[in-house]
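Structure first, commentary second.
The values are calculated or read from the model by the stated rules, or taken from the named source; none is laboratory data. Model, not experiment: these values are computed from the prediction. Neighbour counts run over all protein chains shown; Cβ positions are idealised from the backbone, glycine included. SASA here: full protein model, heavy atoms, side chains in, ligands and nucleic acids out. Shrake-Rupley method; radii C 1.70, N 1.55, O 1.52, S 1.80 Å.
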Amino acid sequence: MSNEEIEEIIDDEEQQLYEHYRIVADKGQEPLRIDKFLFEHMQHSSRNRIQKAAEAGFVHVNERPVKSNYKVRPGDVVTLMLDRPHYDTTIEPEDIPLDVVYEDDQLMVINKPAGLVVHPGCGNFNGTLVNAVAWHLRNMPSYDPNDPEVGLVHRIDKDTSGLLVVAKTPEAKSKLGAQFFNKTTHRSYSAIVWGNFVENEGRIEGNIGRDPKDRLRMTVFPPDSEIGKPAVTHYRVIERFGYVTLVECILETGRTHQIRAHMKHIGHPLFGDERYGGTEILRGERSSTYKAFINNCFKICNRQALHARTLGFVHPITGKQMDFSSELADDLARLIEKWRGYMKGNEYKNLEYKE
């Protein structure tokens with residue numbers, strides 16, 4: 001794009017711009033190039049795209065366009081203004097099958113399949129769990145899927161299967177949300193991770209924040225670093241398969257990608273977790289037979305081997321303790337049987353702790 005074209009865009013009073021993103025710089029903000037500032041705050045944008053947007057006059061500070069080298073200062077109002085309206089995120093009912101484990105007039109507990117996004121977002125504007133819930137509750141006049149005071153109380157990743165709770169009323173969501181915030185709920189996950197463990201159980205503590213090298217991934221920082229959010233995961237070995245282990249993970253906190261990031265941090269990435277290195281052959285033999293076996297395992301379960309197996313909370317209205325559990329998703333169950341068969345066929349080998 002030439003300078004003349006850029007100036008034409010900036011000076012064209014007829015052009016209508018639409019706000020897509022807004023952030024106000026903190027009072028303690030150190031001078032920082034605006035392209036870097038936005039890159040650190042906008043999850044799904046590259047620095048190159050931000051620079052191109054600035055060149056086109058779409059990056060504004062205090063309602064005026066700025067270039068990429070502008071230094072953000074305390075109190076600056078930074079906006080991304082584009083020449084097209086923001087995508088309509090109105091949630092429309094869609095006839096998508098739901099596995100409803102429990103339902104009453106206040107809430108629903110759903111067993112989510114792997115591959116289903118829970119909420120519309122970048123690249124997934126329909127076909128989500130909340131679209132399915134909207135369809136399921138389409139005859140409930142008081143339930144508005146676009147009202148933030150009802151709906152999802154917590155989330156699990158797209159490629160994680162298992163249990164989550166949806167609130168039908170504002171009171172239910174408020175009270176359930178308080179339980180999650182105060183850590184009085186109970187949630188356990190089944191996970192297959194790379195490697196064996198010396199111990200049978202353990203505790204992982206470390207702040208979780210966005211990885212500066214890959215902003216679609218989370219990473220672990222020291223608990224006293226003031227970077228990221230505090231997170232604690234407890235784990236217990238359920239079954240050992242020599243080169244991978246089936247573990248139960250109990251969340252003390254609920255951070256984005258918590259189990260995935262914590263397990264990678266201690267050297268045991270989830271089996272099949274591409275974003276965290278779990279699709280590499282991290283343990284085992286060098287033989288072609290073993291490699292073929294692992295590749296077959298990846299085909300059986302082509303996602304991170306993680307399932308939200310139990311969920312417990314106090315009913316927001318009755319005060320009754322509610323506890324739910326779900327069977328392992330079919331792909332995880334078949335993956336476990338595959339490893340059991342491998343262990344049985346290799347009983348003569350030393351498959352003890354190998355790191």
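Numbers at a glance
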{"quantity": "Yes/no for V198 being hydrophobic (A, V, I, L, M, F, W, C), on the phi < 0 side of the Ramachandran plot and under 20 Å from the mean Cα position of the chain (by Cα)", "calculated": "no"}
{"quantity": "Members of region 325-339 that are crowded, with 17+ Cβ neighbours inside 10 Å and either part of a strand (DSSP E or B) or of a type in the set (G, A, S) (or both)", "calculated": "S326, A329"}
{"quantity": "Contacts under 8 angstrom Cβ, first residue in region 322-337 being under 16 Å from S188 (Cα atoms), partner part of a loop (DSSP other than H, G, I, E, B) and open to solvent by less than 40 Å² (accessible area, probe 1.4 Å), 6 or more apart", "calculated": "M322/H315; L332/C301; L332/A305"}
{"quantity": "Where D95 falls short, out of the listed (1) in contact (Cβ under 8 Å) with a residue 40 or more places away in the chain; (2) more than 30 Å from D147 (Cβ to Cβ)", "calculated": "(2)"}
{"quantity": "Pairs, first open to solvent by 50 Å² or more (accessible area, probe 1.4 Å) in region 205-218, second assigned to a strand (DSSP E or B), C-beta under 7 Å, six or more apart", "calculated": "E205/V232; R210/M218; R217/D211"}
{"quantity": "Where E5 falls short, out of the listed (1) modelled with pLDDT under 85; (2) buried (at least 17 other Cβ atoms within 10 Å of the Cβ); (3) not β-branched (V, I, T)", "calculated": "(2)"}
{"quantity": "Conditions (1) surrounded by fewer than 22 Cβ atoms within 10 Å (Cβ to Cβ); (2) in contact with a Ser or Thr (Cβ under 6 Å, 6 or more places away or on another chain); (3) not basic (K, R); number of the one not met by E149", "calculated": "(2)"}
{"quantity": "Any pair with Cβ under 8 angstrom, 6 or more apart, that starts in region 241-254 at a residue that is free of Cβ contacts under 8 Å to residues at least 60 places away in the same chain and ends at one that is of a type in the set (S, T, N, Q)", "calculated": "T245/N196; V247/S190"}
{"quantity": "Residue check, V117 assigned to a loop (DSSP other than H, G, I, E, B) and crowded, with 20+ Cβ neighbours inside 10 Å", "calculated": "yes"}
{"quantity": "Among (1) touching a strand residue (DSSP E or B) at 6+ places or on another chain (Cβ under 6 Å); (2) closer than 30 Å to A308 by Cβ; (3) modelled with pLDDT of 90 or more, the one test that H41 misses", "calculated": "(3)"}
{"quantity": "Filter result (open to solvent by less than 80 Å² (accessible area, probe 1.4 Å), assigned to a loop (DSSP other than H, G, I, E, B) and without any contact (Cβ under 8 Å) to a residue 40 or more places away in the chain) within region 19-47", "calculated": "M42, S45, S46"}
{"quantity": "Any pair with Cβ under 9 angstrom, 6 or more apart, that starts in region 271-289 at a residue that is of a type outside the set (S, T, N, Q) and ends at one that is in a helix (DSSP H, G or I) and open to solvent by 50 Å² or more (accessible area, probe 1.4 Å)", "calculated": "D273/K264; Y276/K264; G277/K264; G278/K264; I281/K291; I281/N295; G284/K291; E285/K291"}
{"quantity": "Within region 152-193, tally of residues that are closer than 21 Å to L116 by Cβ and either in a loop (DSSP other than H, G, I, E, B) or of a type in the set (G, A, S) (or both)", "calculated": "15"}
{"quantity": "Any pair with Cβ under 8 angstrom, 6 or more apart, that starts in region 155-182 at a residue that is crowded, with 18+ Cβ neighbours inside 10 Å and ends at one that is of a type in the set (K, R) and part of a helix (DSSP H, G or I)", "calculated": "D157/R260; A167/K173"}
{"quantity": "Output for region 191-244, where each listed residue is of a type in the set (A, V, I, L, M) and within 30 Å of L38 (Cα to Cα)", "calculated": "I208, L216, M218, V220, I227, A231, V232"}
{"quantity": "Filter result (out of contact with any helix residue (DSSP H, G or I) (no Cβ under 7 Å at 6 or more places or on another chain) and not hydrophobic (A, V, I, L, M, F, W, C)) within region 248-265", "calculated": "E248, E252, T253, R255, T256, H257, Q258, H262, H265"}
